[in-house]
Every structure is written in C-alpha cells, then in structure tokens.
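Read the structure below first, then the notes.
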C-alpha cells in the first residue's frame, strides 16, 4: 500500500506520496502562509487556518486518488514552527481533525532537524561531518551529523516569513530595512551556531570541521534555480546544484532590490513565495557566511521525504 506524508510548514503545505517500493508517485506544494502574524501576536490568524485546512483537505482527495488509505498507518501530517509557536494551536489541530479525519503531529525543532538531515543526506553525496540547513517560514534548523547519525542540532526562531514580517516592511525594502534584517539574521544565527558548537564539542568536533553543507526547503531550491538561470522550476536540474557563497550573496542582493511583483515574475519562483523570498535569501546567505563555508549543495529531498520513508519502514 502506498503512503502519504504532509508537511505543514509556516509558509507552505507539502504532500509526498510514495509507492510501497519507495518510489515517488507525486509531490505537491501549496502556499498558505500559516505563520501570518504569529511572530507579532503569538496566535494563528483565522484566514491562515482556513487556507491551510483547505489545502490539507484537498491533499486528502489527492492521496486517496492514489490509493492511500486515510489512517495513521498510511498517512502522517506533521506541523512545524508556526503551529509549535502558536498559543492557540489547538484551534488548528481540531479543525484538521474535523475536516480530514486525522490528527496533526506537532514535531519539535529537534525532530524537524533530524528529519531534514535524514532526507537530505540520503539524497546527495556528502563528506562527513555534514551540516544541513533548513530555512523554513518560521524557523531555521542547523544540524550536523556523521555516518548518518545526528551529532548536534539547533532550531532557531528565524525563517523567511518571520524575518520578512519583522524587518522588511516596504516594497521594495529600503536600505535601512535590509541592514536591520541582516543584523537580525546575524544575531539569531550566531547564537544558534554557538549552541551547535557546544553540542559538537563532546564529539571532539567544531563547526570548522564541517566538510559539506547541504541546504533544503523552498528558499534554497528557488535560489538554486535562479543561480542556474532556469526559466521554470525544474526539480531534476535543481537537485544537487552547488552554489558558492559569493553567488549566493549576489542573488540575495538582487532579490532584496526587487519588488514583490518583480520577484514573482521570475520564472522559477512558485506562487506565494515572492513575498518572502528575499527574507529567506538573507537567512541562507548569512548562515553560510557565518559558518565560514565556501559553498553549499542544494537537495530537493528533505524532512518530507524522511517522514514518508518512516511510514514505509
């Protein structure tokens, strides 16, 4: 029997259906911006809940069309930062249960990091120790592992939606806002990297020992598509692409100088991402610089793939 995994992120909801032999049947994404206003209010917006529950219900119809049974043995729905951080998250969890018939698992930042590491390192060649960066809508996970084992991880309160709502208010952003956003990213990421370093110390390692950096999720894959100069979002070409720090900085500066409409007009930018892409780019480019690594490799496989693989296992 096929299985389906749903990742309820702060910016988008994603579906992956796998056949019983592990081959990919389909992958879908819908932008719902569940994290809308959460950083400011601590609560989920009514309209964001409606958009996201509608998306999950639509995904149920899709997985059932592909012979996936709607039960906990064959479907897992996992929610991350926006739901973790919301004081009223039960409103969303109950709405999904009523509409879709399944409970949503609210996973911790540590589990999110471990899933991202497993999904990414199983899909692209790496050299150990390897560090995976997952820039989401509300959080960014940094995780270091060796031989497939996670050694240290940290989940920071920083993502493309959160940074954009916090510091990037004009369209296009003005220079003072870009300076503020960079300072915010540097402060949060520097603190996160320090936590990561403390976790690596008992293993006799430091962040400087990292040999491969892998970036996952929509910010990274979209930036890779722009780096390649693609007219459309082509997953097969994006997967495994290397982007050096200088090129990443240049793409970030270019996006930060654009309006939302200009970013949306770029071929590989998927609907709903243009509003927060510049914020995510700042997070990713500053992370690579603060880690002191010369380049990163982009993986299309991430926590969603690991979620689905666990169902098969």
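Some observations on this one:
- Restricting the range 78-100 to residues that are crowded, with 18+ Cβ neighbours inside 10 Å and in a loop (DSSP other than H, G, I, E, B), the residue that is modelled with the lowest pLDDT: 80
- Some residue of the range 31-47 being within 25 Å of residue 234 (Cβ to Cβ), touching a helix residue (DSSP H, G or I) at 6+ places or on another chain (Cβ under 7 Å), assigned by TED's automatic domain parsing to the domain that holds residue 77 and in a strand (DSSP E or B): no
- Within the range 51-63, residues that are assigned by TED's automatic domain parsing to the domain that holds residue 30 sit with their Cβ atoms under 6 Å from residues that are part of a helix (DSSP H, G or I) and surrounded by fewer than 21 Cβ atoms within 10 Å (Cβ to Cβ), at 6+ positions apart or across chains, in these pairs: 53/95; 53/99; 56/100; 57/99; 57/100; 60/100.
- Filter result (without any contact (Cβ under 8 Å) to a residue 12 or more places away in the chain and farther than 21 Å from residue 132 by Cα) within the range 180-195: 183
- Selection within the range 101-112 - surrounded by 15 or more Cβ atoms within 10 Å (Cβ to Cβ) and over 30 Å from residue 296 (Cα atoms): 102, 104, 105
- In summary, residue 123 fulfils each of the numbered conditions (1) over 15 Å from residue 280 (Cα atoms); (2) out of contact with any helix residue (DSSP H, G or I) (no Cβ under 8 Å at 6 or more places or on another chain) with the single exception of condition (2).
Conditions (1) more than 21 Å from residue 158 (Cα to Cα); (2) surrounded by fewer than 22 Cβ atoms within 10 Å (Cβ to Cβ); (3) at pLDDT 95 or above; (4) not assigned by TED's automatic domain parsing to the domain that holds residue 32, marked per residue:
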| residue | (1), (2), (3), (4) |
| --- | --- |
| 241 | yes, yes, yes, yes |
| 252 | no, no, yes, yes |
| 259 | yes, yes, yes, yes |
| 276 | no, no, yes, yes |
| 284 | no, no, yes, yes |
| 293 | no, yes, yes, yes |
| 299 | no, no, yes, yes |
| 309 | yes, yes, no, yes |
| 313 | yes, yes, no, yes |
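- Selected residue (only one of 115, 151, 163 is part of a helix (DSSP H, G or I) and either assigned by TED's automatic domain parsing to the domain that holds residue 216 or surrounded by fewer than 24 Cβ atoms within 10 Å (Cβ to Cβ) (or both)): 163
- Condition check for residue 177: under 30 Å from residue 4 (Cβ atoms) and part of a helix (DSSP H, G or I): no
- Every condition in (1) in a strand (DSSP E or B); (2) farther than 16 Å from residue 95 by Cα holds for residue 13 except the one numbered (2).
- Applying the set (1) surrounded by 19 or more Cβ atoms within 10 Å (Cβ to Cβ); (2) at pLDDT below 95; (3) not in a loop (DSSP other than H, G, I, E, B) to residue 4 leaves exactly one unmet item: (2).
- Unique residue being closer than 17 Å to residue 117 by Cα, touching a residue at least 40 places away in the same chain (Cβ under 8 Å), crowded, with 21+ Cβ neighbours inside 10 Å and touching a helix residue (DSSP H, G or I) at 6+ places or on another chain (Cβ under 9 Å) when the list is 213, 207: 213
- Among the residues of the range 17-37, those that are crowded, with 22+ Cβ neighbours inside 10 Å and either more than 19 Å from residue 81 (Cβ to Cβ) or over 17 Å from the mean Cα position of the chain (by Cα) (or both) comprise 17, 18.
The values are calculated or read from the model by the stated rules, or taken from the named source; none is laboratory data. Not measured: the values here are computed from a predicted model. Neighbour counts are summed over all protein chains in view; Cβ atoms, including those assigned to glycine, are modelled from backbone coordinates with ideal geometry.
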